[in-house]
Structure formats: structure tokens, C-alpha cells
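Bear in mind these aren't lab numbers, they're just calculated from the coordinates by the rules spelled out. On a predicted model such as this, the values are computed, not experimentally measured, just so you know. Neighbour counts are summed over all protein chains in view; Cβ atoms, including those assigned to glycine, are modelled from backbone coordinates with ideal geometry.
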Amino acid sequence: MPAADGSAEEFRRRGHAVVVGASLAGLRAAETLREEGFAGTLTMIGDEPHEPYDRPPLSKQVLLGRTGAGDTLLPRRRALEARWLLGTAATGLDLAGRRVRLAGGEEVRYDRLLIATGTRARPWIKETEAALDGVLTLRTGDDAARLARRLDARPRRVLVIGAGFTGSEITSACRERGIDVTVAERGPAPLVGALGGVVGAVAAELHHAHGVDLRCGITVTALEGDPAGRLRCAHLSDGTTLEADAAVVALGAVRNTEWLAGSGLAAGPRGVACDAGCRAFDVHGIVTDDVFVAGDVARSPHPLFGYQFLSLEHWGNAVAQAEVAAHNMVSPGPERRPHLWLPAFWSAQFGINIKSVGVPPMGRELAIVQGSLAERRFAAVYGHQGRVIAAVTFDHGRWLPFYGRLIETAAPFPPDFAQVDRAPGGPRPIPAEFPDPALPTHGPTVTLSGYAPSERRVTFVPARV
Amino acid sequence: MDLNRCEAYAQCAFQAPDVFAMHGEEALMYEPCPGDERREQVMRAAASCPVQAILVEWPGGPAVPEGAATGARG
Amino acid sequence: MTSATLLRRITDYAARADPYPLYAELRRTPVARQEDGVYAVSTYWEIAGLLHDPRLSSDPRNRVPTAGEEDILEEEQGLPPSFLRLDPPEHDRLRRLATRPFGPPDSPRRVSDMRGDLARMVSGLIDGLRDRERADIVEDFAYPFPVMVICKLLGVPHEDEERFHVWAEAIVAGLDPGEEGEGPAERRRAAQRARMELGRYLAGLIEDHRRAPGGDMLSALAAGHGDRERMSPLELVVTAVLLLIAGHETTVNLITNGMLTLLRHPDALRRLREEPGLAVPLVEELLRYEPPVQLLPQRTALADIDVGGVTIPRGAPVWLVLASGNRDPRRFPDPDRFDPGRTGNEHLGFGGGIHYCFGAPLARLEAQVALTELARRLVEPRLVTDPPPYRRNPVLRGPRHLPVAFDGCVP
Ligand SMILES: Cc1cc2nc3c(=O)[nH]c(=O)nc-3n(C[C@H](O)[C@H](O)[C@H](O)COP(=O)(O)OP(=O)(O)OC[C@H]3O[C@@H](n4cnc5c(N)ncnc54)[C@H](O)[C@@H]3O)c2cc1C
Ligand code: HEM
Ligand code: SF4
């Protein structure tokens, strides 16, 4: 069979490619396969009934009522000629037999497989409370439609649980629509898990300036419903009770790997481990040659960050990794490429464009290199062991490519050169104030997940040494 | 839209104000699936984006590829 | 041939009609130190990188003056610099304020709403050619049109055009770094004087608009936007000077270069006539292929910058040769070919980074409307001389006259 003898050419001509997860990474990978001349059969398996759509607008335009939840379909780069199995979940994988099992019991054979099953919203811990009418999450288009309908009904108060990026964007949309919001965040400030306490403090000011009832250092201990099963109030860890018509649980994401349990792949709660060429590892830490991984579900080593395994919940990563995975699926060994994408992310909230490159949570210190925190318009760089490791901008996005290059060239931290908007002598580094990694906060979008590929042999290596 | 590439030059919002809007100084909001009557506006926006962050596809028409995914830096 | 003489050959008038072979030579050394200490950057990625590099300043006050340039600081005793020649945070603040009455987020439709006006102006100008068989595209069309547009936008009476035309010419000549004529220092002084005079004229006009506001940009700038931050009266004058000049002396070259290029590429002219939508990518390609702003000669390194295997030392003047980057084969396939349908055209014609052309949306619209209509209405247009006579300025490069013959025009 094509893949068995390793003939990429044979596969390219008449192999069977199967993509599980028909969203951003899955679609872009499929398009790349065709672009690179893959002429075999292509099967797209997705458990959502919809054609691939874009998620970032769901917490932005859609909640503002500017765009319908069903109107964020991804533009296609080219025609695909694929068999689409939508509304069909994959439930198992037979590695040796090269078969994907489907929910209906059917099996689909593959020569090469791409796993792009992404993540789902972390549900509220207590199932009965999660089932209350008015308790919502936001990951899918259907979620967004539900939440948008709620907001249209003008709730008196919305409780947002978790002030990561998604929670903050939801909060921002509510405020823009004039809806009262309370935010409960376990950490000391919004976005601390992703950007640290210094920048988190700016985010907190943004919340306050927009009239958000922001409560940090607080957890929600229980959600309480009325006899009809509708959410009535939330109990908070400081002993107070808060009445709310809706609660949005924004506690980060869970990776969709359950269907791979027992398959022999190195898949678990932290994702599916793969090498820099997007090839999945098996549980022994041996790399497979016919199973590839891309997008939010993947964790892969990155040379710029000490070969630590990164799990990136970033739109741009899903696209870039999908392209590399697809290229490698149809290419013989020497032509394969590593996925060396510099992590990059954006978020729009409270009328501010937040962008980042690199891995901010690796930074111990940061320096404000342009603009000022007080104006909420700035560029900050993060340092790790004397190197620039990340940069974050608030409404300063045009400079970001420059800081990206500093990361790629391992430029010294703190930056020691004169530049516009800064007195000579350079900026003063201050602690970035990331919370103790042992106390995870809500919604960091980059997670460093240690070094070794195989779950069995890994003892977790804390992100920050 | 590849908003990682977007540097908020707002050219799209000038060219296609019914589809793209700046939300504050640098945050871009857009209508992901604009109607056919906006086609010309959108083509103008996509062509004028200085970093080619806008990918356009129309039903029936060929997808118009751009630099967004070629690995080009900008 | 040393690169020192190369850059001099580029600014030399002899190269004006076709500087592109010299740019190709220049690109062999992406970052080339010139005899006088100027660093010329000529390749795409290096230019694009430096446009986003905060170690490069646009503020001439950061310059260590080289010999013959001692006046560069003293010239600042005239009007203070506009945001074109300022760094953040002043640049950002002034540009933000200038944007309020011009574009998104506050005035997203100002430019697109001018489309009808622009079309009428273009029709009027072409109507004027109806009974003729020859025209100078510059005098008869490409110069008056953008002036009408910028006057309309700003609220400057078009009747005053003759007065500020002289000032505008002098100001633009001040950008010319070449050694010809009276020499750069004298030109800079003349430009400074002209800026003062134009400023005085606009200050009076702004006062009028403050008293009797109209729907124009100067009125809006003078009124400010509610109680938010606003420009000082002096900043307002300086910004008005910048907009008037920038809107005056660049688009003329885009339209003229456009007509010239179309006449040299009859296929493209025919295609444009048949599918007016082609004007959109075609104008982008023009901005790549024949950019009206050829180079940016006013940047200064604030720190040592390693780029293209060279260290540009702190304090050195840096020239970003946009027109050369636009023809870099490492970025654009077949770069010397004019391809009106080119995709992925991330040209440098409007610069990049925080100084990216403020007026780009307006300039695009002007050129799209102008070229589409010229192509549609002139019957059998042909060049009378090729190459046409050029203006002296190597920075804002374009023909001084573009004589064209045709067999009348259709309505
Ligand atoms: C509300 C929201 C806002 C966001 N905003 C931003 C932003 O501003 N910037 C940014 O960089 N990123 C943002 N993101 C993140 C970005 O959308 C993701 O990184 C991206 O969607 C990842 O794509 P993916 O294809 O890897 O995974 P997903 O999009 O999660 O797709 C995985 C698909 O696989 C399906 N699937 C799962 N299990 C199975 C199975 N067993 N069988 C079949 N199908 C299965 C899922 O249902 C899903 O359709 C946002 C995400 C959300 C939810
Ligand atoms: C074809 C026409 C035009 C071209 C090719 C052009 C080109 C440029 C370029 C290359 C820059 C960058 C300068 C630098 O980085 O130092 C610039 C800046 C600028 N342009 Fe234009 N321009 C054109 C038309 C206009 C028009 C019509 C206006 C005014 C309405 C205008 C206003 C400005 C302003 C104000 C700046 C300074 C921006 C800043 O510093 O932030 N331009 N232009
Ligand atoms: S034109 Fe391009 S860079 Fe500018 S705002 Fe639109 S998408 Fe972003």
C-alpha cells in the first residue's frame, strides 16, 4: 500500500487521505493537499453539521449583532472534491489497520490521516448546574447563536465566568450593547494567564472604564436555578450572591482527544503530541509516518522556545500547521518541512486591538518599549533568560513585525537600543507577574507542556524554569 | 481575514465601508459573508490591503488567492 | 562603478526617464553606504523591515548633519514639522486627530462619498478635450484634477490655486536631494519660505472656517471633535499645509504615469476599456511599477541597525528606495513586467508602517476614476513623444508634460 512503502508519490496519485475535524485546520489542510497535487480521494469528517466556519467573529461581530452566527463560513481557497461526512463524529482509531471508526459504526480506511479535532469549551464543573437554562459556553456557531439570542432578549445582568480572551471579548460585547456584566476571575486580573499581571492590570482598567463589575480573586462556587430550571443567581467564593439572567462559562478549552483513547497514539488532555513535522507520536514516543496533527489539538516542539512542546490555541497556528502537515503528507522525507511558525495572536475588546507574538507566559520580565500603559496604547516585550521571547501590543500592531524579528533572532532582553518614542538608555524591565503556574488561571492561549512527546514517560515540566 | 497580518491600515474600511469597519483605532470588524451587491466593494478592499490580509471567495466564482498563506512576510 | 556614484547617477536628471536599470544595479548591494554617509536601502524585505523598525526616525532633528547640511536644523525655525516628519508619540496623536474628519472610525464614508464628485470633475475635464486632437495629460487633466479634489476635501477655494501652486512647487523642490540647479541647501531654504507663506494663507482660511464652518475637513479640524483632545492652532496649520501639498503633488504623477504606462501597453488599455473593474488591481500595479514617490530620503538611524549584512551606524541618514524594492525579483515574480491583474501585490508605493500614506484611499479612488474614464473616452490615444519630458525631482518623479494625440472623445 502507498503509505506502507513510504511512497509519497504513490499516495499523491491515488492514496486516500482522511481529515478528522472539518474546521479551520482541517479545511486549510485539505486545500493544501489539493494545491500540492494530491489527486487521490479525500474524506472530511466533522461532527458539526455545518460547513467549516470561522470562530473569531463569534465572540466579536456576532455577539454585537452585526453578523449572524451562521454567517461566518470560511472562504475557500479552491474547490476541494472531497467526500464530506458532516454531522458525523469519529469515535475511534485503529492505528494498525489504518481505520477511523465513525459514530454510526461505519469505518473509513485511510492511507494518511490528519487529526484536526481542535478543542471544545470547558463545561461548568457541575452537570446539573450546567444544564440550567441560561448557563452557556462559547465555542461553536450554535453556541454563539444561543448567546446572541440571550443578549437580544436584554438580560438584566450577565455573569461571565473567567476573564481570558474569550471571556473578555464576551464582556466587551455585552457592555457595548449596554448590558450589565459581572466578571468573576480567579486570578488577580483579566488576561493574567496569557499576558501576565502588568498587562492584566491594563485589561482591568479597560473593564472598569467600560462599566464592568470586575471581581478578581473570586471563584463561582455554585449556580442556582429557579424551580423552572432557569438560572437565578450565582454564589461566589467571597460569600456573596449575584443575581444574573445568564452565565457564560469561559474557563478555557478542553482538547478533543477522547476518541483517540486506547488507539496507541500519544493523545491525552493536553492534546496529541507530534514532531515539528506534524507527525503524531505513539505512546512509546515513536513517531508515526501516516498520522499527522494540526491546529488547536496539536502539541509540538518549537526550536525557538527550547524545543518545549507548545499547545497553541491560535487561529494563525491552525492555518500554518495545517499547511505544513498537508505538505508533509504528500512529500517524501527530504522535502518535508518543519512547523516553525512564530506564535501570533490577536484579540479585539473594548475597542482595543491586542496582538501578541511569541510566548508571553515564558517571560519573567517585561519592558514597555513604546507608548504607555496609562494611555492603554503600548508595545511590551517579554524577556526570558536574557532574550526577547514575546511581545504584546495594545493598538500598536504596526510595530509587531519588528518585535517578531527580535524573537526570531534571540535578541537580548531588555532591548538596549534607542528607538522612537523612548528615551535613550532603554526601557526598565519589570516583573511580568505571571501567576504561579501551579494555579492555572483561565484561558491562557499558549500552554507550554514540557519536553518529551510520550504522555507515559512525561512528568510535567513546569513552563517557567 | 487573517487578522494576524492586518496592521490596521483601514484601507479596507475606506474602500468597503459597508463590510469593514474600524472599531476603535486598530480593531477591525467585518462582515464575513457579505452579499453579492457588495462584491465590488470587497474586491476593492482586498486589492488595496497593504498586507494582503483579505481572502475572498464568491460562490460560483473562483477563489481569489492572496499572500495570506504563502508564508510571505510583511 | 562604486555605489556612491550610483546613487548620484540616480538623482541625476539624465536618469529620470528610466531609473530602473540603475535600481537593479543598486540592489546588488541591498544596503549600500554612499560617499556622503547616506545608506541607501534598495531591496524589498530590507525596506519593509525598516519601515516597521522603531530605531529609524522620520524626525530630521535626530539627524547628525553632514557637510553642507548645517542648515537642516536651522530650517526648523520656520513652521514646526508636520506628522510626516515626526516620530511617535507626537506623530500618532496628530495623525489620529487628522484622521477623525477623514476616515474610519469617525468618518468612514468621507472618501467613498466623494466618488460622485470625482466622477463629475473627471467628466468635466475630459469634456474640455472634446474638440481637440491633442492634449497635455498633465496640464489638461492630471494636474488640475487632484487639485480640485484636495481643495474640495479641505475646503480651500479653488480660485486661489494660482497662489498656492507656486508655493507647492517650491516646497516639493525642497525634497529634491540632487545637486543640480541652486543646490539642495538653497532649495531647502526656498521651500521653508514657501511653507511659511502657505501656512499664513491657510491660517487665514482656517480662521474663516472656524467662524463659518462648512462640511469640509478644515472646518471639522478647526471645530475639533467634542471635548476630546484637539490640535493646537499651529498644529492645525502645519497639518493643513501637509495635506494640501501631499494631495497636490503626488496623484498628478500617479495619473500621468498611469496614462503613459497604458499607452505603452495597449493590451492593458484595451482590457481596461472592456472591464472597468480592472482599474482596481491596475492602480495597485502602477503603484508598484511606476511609484510616484520613488524614495524616502528623510530617515535617520537612532541606533546601530544590522540589516542586509551591514551595520547602519547610529545617526546615519537612510534612504529607502521604494521604487527599487517594488522591482525586487526576490519579492515579485517577473518584476519588470507591468501586469495589471497581479495578485498579492504588497507594493511599497504608499510606504508602510506608521507613516503609511494618509491619503492613499483618496489617491486610489482618484486614479481609478481618472484612468477608467480616460481609457473609455479618448479615441485611439497615442503618445506624441516617448519618453516624455520629466520633472527634475527624483523623489516625486513624473513627466512634466505628457503630450497625447487622439481622434476626439466619446461622451
Ligand atoms: C469564540 C472564539 C474566538 C476566538 N478568537 C480568536 C482570536 O481573536 N484570535 C485567534 O488567534 N484565535 C481565536 N480563536 C481561536 C481559533 O478560532 C482556533 O485557534 C481555531 O478555530 C482552531 O482551529 P482548529 O481547526 O484547530 O480547531 P477547531 O476550530 O476547534 O475545529 C475542530 C473541529 O473538529 C470537530 N471535532 C472534534 N472532535 C471530533 C470528532 N471526534 N469527530 C469529528 N469531528 C470532531 C469539532 O467539532 C470542530 O468542528 C477563537 C476561538 C473561539 C471559539
Ligand atoms: C498617488 C498618490 C500618492 C502617493 C504615491 C503617496 C505616497 C506616500 C508615501 C510613500 C508616504 C510615506 C512617507 C514616509 O513614510 O515618509 C506618504 C505619506 C503621506 N501621504 Fe501620501 N501619497 C499620495 C497621495 C496622497 C494624498 C492624496 C494625500 C492627502 C490627502 C496624501 C497625504 C499623505 C500624508 C499626510 C502622509 C504622511 C503620513 C504620516 O507620516 O503618517 N498622500 N504618501
Ligand atoms: S486594509 Fe488590510 S491591514 Fe488595513 S485594516 Fe484592512 S485588513 Fe487590516
Here region C:357-370 yields Karplus 3J(HN,Hα) values (6.51, -1.76, 1.60; θ = phi - 60°; whole Hz; Gly and Pro given as x) of 3, 5, x, 3, x, 6, 4, 4, 4, 4, 5, 4, 5, 4
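Relative contact order for chain A: what is it in percent, counting Cα pairs under 8 Å that are at least 6 residues apart?
Details: 1159 pairs, mean separation 72.1, N = 465.
Over chain A, the number comes to 15 percent.
May I ask for the percentage of alpha-carbon pairs in chain A that lie more than 38 Å from each other?
Values: 27552 of 107880 pairs.
Summing the P(r) of chain A above 38 Å gives 26 percent of all pairs.
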What is the mean number of Cβ atoms from other protein chains located within 10 Å of the Cβ atom of each residue in peptide A:383-396, rounded to a whole number? 1
Amide H contacts under 5 Å for C:Trp319, restricted to residues at least 5 apart in sequence or on another chain and with H modeled in the peptide plane, are C:Tyr39, C:Ala40, C:Val41
Roughly speaking, what is the centre-to-centre gap between region C:224-264 and region A:261-287 when only Cα atoms are used, to the nearest Å? 57
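Kirkwood Rh, region A:217-280, all Cα pairs: how many Å? Before the final figure, lay out the partial values.
Details: mean 1/r = 0.0656 Å⁻¹.
Taking every pair of different Cα atoms in region A:217-280, averaging 1/r and inverting gives 15.2 Å.
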In Å, what Rg and Dmax follow from the Cα atoms of region C:268-411? 18.0, 59
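Scanning chain A for GluC sites (Glu not before Pro) in DSSP loops with at most 15 other Cβ atoms within 10 Å, what's the longest stretch left with none? Don't skip to the end; give the middle numbers.
On the way: sites that count: A:Glu36, A:Glu81, A:Glu106, A:Glu375.
Value returned for the longest uninterrupted segment is A:107-374.
If you average 1/r across every pair of different Cα atoms in region B:11-64 and take the reciprocal, what Kirkwood value do you get, in Å?
Working: mean 1/r = 0.0881 Å⁻¹.
Mean inverse Cα-Cα distance, inverted, gives 11.3 Å.
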Contact order normalised by residue count of region A:344-443, Cα under 8 Å, 6+ apart, percent: 27
How well do other chains shield peptide B:9-21, expressed as the mean number of their Cβ atoms within 10 Å of each residue Cβ? 6
Using only the Cα atoms of the protein assembly as shown, what do you get for the radius of gyration and for Dmax, in Å? 29.4, 91
Sequence-distant aspartates and glutamates (8 or more away, or on other chains) whose Cα lies within less than 12 Å of A:Lys126: A:Glu224
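Give me the net charge of A:Lys60's neighbourhood, meaning all other residues with Cβ under 9 Å from the Cβ of A:Lys60; Lys, Arg count +1, Asp, Glu -1. Let's see the in-between values first.
On the way: positive: A:Arg66; negative: A:Glu169.
So the environment of A:Lys60 carries a net charge of 0.
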Calculated SAXS-style log₁₀ I(q)/I(0) at q = 0.08, 0.11, 0.13 Å⁻¹ - region C:3-405, Debye, Cα scatterers: -0.41, -0.82, -1.17
Grab the alpha carbons of region A:344-443, take their convex hull, and tell me the volume per residue in Å³. 106
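Between beta-carbons, use under 12 Å as the cut-off and find the net charge around C:Arg400, counting Lys and Arg +1, Asp and Glu -1. Show your work: numbers first, answer last.
Numbers: positive: C:Arg16, C:Arg391, C:Arg392, C:Arg397; negative: C:Asp136, C:Glu139, C:Glu169.
In short, +1.
Using a simple charge model, +1 on the beta-carbon of Lys and Arg, -1 on the beta-carbon of Asp and Glu, nothing else, what dipole does region A:140-196 show about its Cα centre, in debye to the nearest 20? Spell out each step's value before the answer.
On the way: 9 positive and 7 negative charges, 54 e Å.
That gives region A:140-196 a dipole magnitude of about 260 debye.
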Taking amide H atoms as placed 1.01 Å from N in the peptide plane, list the residues 5 or more away in sequence, or in a different chain, whose amide H sits under 5 Å from that of A:Val62. A:Thr67
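Using a 10 Å cut-off around each Cβ, can you sort C:Asp53, A:Asp416, A:Asp111 from fewest to most neighbouring Cβ atoms? Write out the running numbers ahead of the final one.
Numbers: C:Asp53 23, A:Asp416 11, A:Asp111 20.
In increasing order of surrounding Cβ atoms, one gets A:Asp416, A:Asp111, C:Asp53.
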Take region A:127-252, compute every pairwise Cα distance, and split them into 5 Å bins from 0; I just need the percent in each bin. 2, 12, 23, 25, 21, 12, 4, 1, 0
Output ³J(HN,Hα) for region A:102-114: one whole-Hz value per residue in order, computed from phi by the Karplus curve 6.51 cos²θ - 1.76 cosθ + 1.60 with θ = phi - 60°, and x for Gly and Pro. 9, 4, x, x, 4, 10, 10, 7, 9, 9, 9, 10, 10
Which whole-angstrom value gives the distance between the alpha carbon centres of region A:164-218 and region A:43-68? 24
For region A:26-42, Karplus-derived ³J(HN,Hα) couplings (6.51, -1.76, 1.60; θ = phi - 60°; whole Hz; x for glycine and proline) come out as x, 5, 5, 5, 4, 4, 5, 3, 5, 4, 8, x, 5, 10, x, 8, 10
What percent do you get for the relative contact order of region A:153-235 when only Cα pairs under 8 Å and 6+ apart count? 26
Around C:Cys409, under 11 Å between beta carbons, what's the net of Lys plus Arg minus Asp minus Glu among the other residues? -2
Once both labels are modelled 7 Å past Cα along the beta-carbon direction, what's the A:Ala209-C:Asp306 spacing in nm? 3.8
Could you work out how far the C-alpha centroid of region A:363-386 sits from that of region A:305-334, in angstrom? 28
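At most 15 other Cβ atoms within 10 Å plus a DSSP loop assignment makes a site exposed; report the longest stretch of chain A without any exposed chymotrypsin sites (Phe, Trp or Tyr not before Pro). Walk me through the numbers on the way to the answer.
On the way: sites that count: A:Tyr307, A:Tyr451, A:Phe460.
The longest such stretch corresponds to A:1-306.
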Exposure rule at most 12 other beta-carbon atoms within 10 Å, DSSP loop GluC sites (Glu not before Pro): chain C longest free segment: C:230-411
